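The values are calculated or read from the model by the stated rules, or taken from the named source; none is laboratory data. Remember, it's a predicted structure, so these values are computed and weren't measured experimentally. Neighbour counts run over all protein chains shown; Cβ positions are idealised from the backbone, glycine included.
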Amino acid sequence: MQKPNSDRLIPALFMCFKEGYSLSTLRSDMIAGLTVAIVALPLAMAMAVASGASPDKGLVTSVVAGFFISFLGGSRVQIGGPTGAFVVVIFDVIARYGLDGLIVASVMAGIILIIAGYAHMGKLIKYIPYPVITGFTTGIAVIIASSQVKDFLGMEIDNVPAEFIEKWMAYFTNLNTTSVYAVGLGLLALAIILICKKISAKIPAYLVSIALVSLLSWVMNMPVETIGSRFPDMPTGLPVPTLPALTLEEVRDLIPSAFTIAFLAGIEALLSAVVADSMIGTKHSLNQELVGQGVANIASGFFGGLPATGAIARTATNIKSGGKTPMSGIFHALFLLVFLYTIMDILAYIPMAGLAAVLFMVAWGMSDIKHFLQISRISPSDRTILFMTFGLTVLVDLTVAIGIGVTLASLLFMRHMSKSIEIQPHMRLTQYDADDGDGDDAAASARAVRNEVEVPEGVAAFQINGPLFFGVASELCDRMQNLITIPRILILRMRFMPYLDASGEASIEEILKICHQHHSYIIFAGMRKQPMEMLYRAGLSRDKEVAFTTNFDEALKLATKLMSDPDFVSKHQDTV
């Protein structure tokens, strides 16, 4: 089986057809597609309700977006549809701009994903810190669970506040309106889900739970709110594609939400694809996956659906049910399309308390408590990032949480990196017998025999261990300025400095300036390729008071030779 390169922009479906598609594979994909459709049916509706939309929007999303994610995606077994990751941002967009605003945000997010895929930016998503991902996903899980308390308890609250604290205050204030029937159905639904999962993972626990509590509610004519009573005019079938009517100012205001949707779609899709790879032993094309996700979100938007991405649980179900190619995802969409045209009247009998139970389980699965607690014990910095991202997601805004979380993680990383960088002044410097040139085998140098090397009088040497970037660039200048006497010759040993950025280059220019003022000479020893190219482009190689040697031993020989030259010594006097 050919493993697609992550940089190749070829849909996985085309690769599978090129390899050959048999009748046995078709049969396996059809069975898997039907199984996943049965699992996705209650989940799609529940996600739509949690997002502030009608249940049919979730089914439309699973049909349209699910089709294109499988048709154009880069994973062989990815199943797409609405997921819990979008609940917070969708709810916010619908509350402020209505469904037209959501369509615009979904389309813009799709365009962003397509651009990211063709720009080969898929790998960048992998650099999002894990504490940030865990923090906002756990925060979203808390928000989803909190939003379902009213339906689970059957409370009579006309307008539930959107803010987390105010929402819970409203719940406590209205506890006296709790419905015993709703609580009973919700608890029964939870129990059925847990029992089914314990008996066998192959049982569609959510569907069984919804079917049983709906039947019980209908037979006993319970006074509980259902999908039909809350959404009496729910349409049947796919809607006609529409174009939204928004002002240019509103479109501009939706840009941050679009980027958030694209970010969440990219992260969850690639995480799901990675999980799928580990289960089936293939490698997805991450950039093609972004393109497929982009097209799917644009199509879903035009059909009035919700944002979509790869769903980890549904993808795993697809694999365990025998899905082998993207055709299983396409069949899943087609089966849901059949459901959309045939059983919408039956779905109206589903109690809202039953859907709330499903969403409680979804939230629990999203929360990833094990890793949340694990990260909180690892280090103070990771704990800070985790709790801040989690808290901002729950109490403020998902976009703010992600932005601040990533920024804080970057700053803390640079702080740790700056602490790991060593700028060591030596008058007696440890020298390695191993080659000190432009090689990258640091392990070989570490194993080499070390000898103490005497640095000549009037010469100072600094060894830079680690990348010289803006987080530590100023320290090099500080070390020079703190010297009581500026030496005649300064050796900068850069064998262990793999990277130099513009700030690091500026600090070296500042050192050159200080040395020129004090008539000192600089020797760069063992500089690697990237820093050397930076200095060459900056024009420092043309400085007459600068020399470059391939290793530190040659730098010492050059320094000794220069110090024995009376003309050089008279020109480069030690200066206080």
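Restricting attention to the stretch 115-140, which residues are under 19 Å from residue 404 (Cα atoms) and of a type in the set (A, V, I, L, M)?
From the stretch 115-140, those under 19 Å from residue 404 (Cα atoms) are 124-140; that's our starting set.
Within the stretch 115-140, 124, 125, 128, 132, 133, 140 qualify.
Go through the stretch 513-560 residue by residue and tally those that are within 42 Å of the chain's Cα centre (by Cα) and either assigned to a helix (DSSP H, G or I) or closer than 14 Å to residue 494 by Cβ (or both). Reasoning before the result, please.
Of the residues in the stretch 513-560, the ones within 42 Å of the chain's Cα centre (by Cα) are 524-541, 550-551.
Remaining after also requiring either assigned to a helix (DSSP H, G or I) or closer than 14 Å to residue 494 by Cβ (or both): 524-537, 540-541, 550-551.
Number of matching residues: 18.
If you check 94, 79, which single one turns out to be within 13 Å of residue 332 (Cβ to Cβ) and of a type outside the set (Ser, Thr, Tyr)? Spell out the reasoning first.
Working: 94 fails: within 13 Å of residue 332 (Cβ to Cβ).
Checking each option against the conditions leaves just 79.
List the strands (runs of 3 or more DSSP E) that sit entirely inside the stretch 362-476 and contain at least 1 residues that are farther than 27 Å from residue 51 by Cβ and at pLDDT 80 or above.
Numbers: elements: 422-426, 428-432, 450-454, 459-465.
Strands (runs of 3 or more DSSP E) meeting the threshold: 459-465.
Here are some residues: 134, 83. Which one is touching a residue at least 40 places away in the same chain (Cβ under 8 Å), under 16 Å from residue 359 (Cβ atoms) and not aromatic (Phe, Trp, Tyr)?
It is 83.
Between 208, 213, which is within 24 Å of residue 43 (Cβ to Cβ), modelled with pLDDT of 90 or more, β-branched (Val, Ile, Thr) and under 34 Å from the mean Cα position of the chain (by Cα)?
Working: 213 fails: under 34 Å from the mean Cα position of the chain (by Cα).
None of the others qualify; the one that does is 208.
I need the full set of residues from the stretch 204-242 which are buried (at least 16 other Cβ atoms within 10 Å of the Cβ), out of contact with any Leu (no Cβ under 9 Å at 6 or more places or on another chain) and of a type in the set (Val, Ile, Thr), in order please.
Within the stretch 204-242, 208, 226 qualify.
Enumerate the helices (runs of 4 or more DSSP H) found wholly within the stretch 176-250, keeping only those where 3 or more residues are polar (S, T, N, Q). Steps first, answer last, please.
Working: elements: 180-199, 205-219, 227-230.
Per the criteria, 205-219.
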